[in-house]
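The values are calculated or read from the model by the stated rules, or taken from the named source; none is laboratory data. Note that the coordinates shown come from a computational prediction; the quantities given were computed from them, not determined experimentally. Here the Cβ positions follow ideal geometry from the backbone for every residue, glycine too, while neighbour counts run over all protein chains shown. With ligands, DNA and RNA removed, areas are computed over all heavy atoms of the protein, side chains included. Shrake-Rupley method; radii C 1.70, N 1.55, O 1.52, S 1.80 Å.
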Amino acid sequence: MNVVLLGPPGAGKGTLANFLKEQYGILHISTGYILREEMKAGSELGKEAKTFVESGALVPDALIIRLIENKLQASPSEKGYLLDGFPRTTVQAEE
């Protein structure tokens, strides 16, 4: 099962995502969490993202998509995945 949760900040996506993750055992992928995780780890993608975050700019779609792809490849789940807050743009949705 693959699930996509869309909505504005504070709408309850994270709360619902945690419930679904526990209920169905699917991989929870949150763009915000992945960005913080990669920046903290000092990965190449994290370093690239950090330059945008620290300047107050939005992280470009191409970089967000690479982060999501890496997470899906690094943590494959037979039960599926849950995308929390992704996609946020038309470009992301099309990818």
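Miscellaneous remarks
- With respect to being in contact with a helix residue (DSSP H, G or I) (Cβ under 8 Å, 6 or more places away or on another chain), touching a residue at least 12 places away in the same chain (Cβ under 8 Å) and surrounded by fewer than 17 Cβ atoms within 10 Å (Cβ to Cβ), residue 85 falls outside the description.
- Of all the listed residues (72, 35, 58), the sole one being of a type outside the set (Val, Ile, Thr) and open to solvent by less than 30 Å² (accessible area, probe 1.4 Å) is 35.
- Within region 28-54, the set of residues being among the hydrophobic types (A, V, I, L, M, F, W, C) and within 21 Å of residue 6 (Cα to Cα) comprises 29, 34, 35.
- Yes/no for residue 16 being open to solvent by 70 Å² or more (accessible area, probe 1.4 Å) and either among the aromatic types (Phe, Trp, Tyr) or in a helix (DSSP H, G or I) (or both): yes
- Of the criteria (1) part of a helix (DSSP H, G or I); (2) open to solvent by 70 Å² or more (accessible area, probe 1.4 Å); (3) out of contact with any Asp or Glu (no Cβ under 9 Å at 6 or more places or on another chain), which one residue 53 fails: (2)
- Being part of a helix (DSSP H, G or I), within 23 Å of residue 15 (Cβ to Cβ) and out of contact with any strand residue (DSSP E or B) (no Cβ under 8 Å at 6 or more places or on another chain) holds for only one residue in 68, 64, and it is 64.
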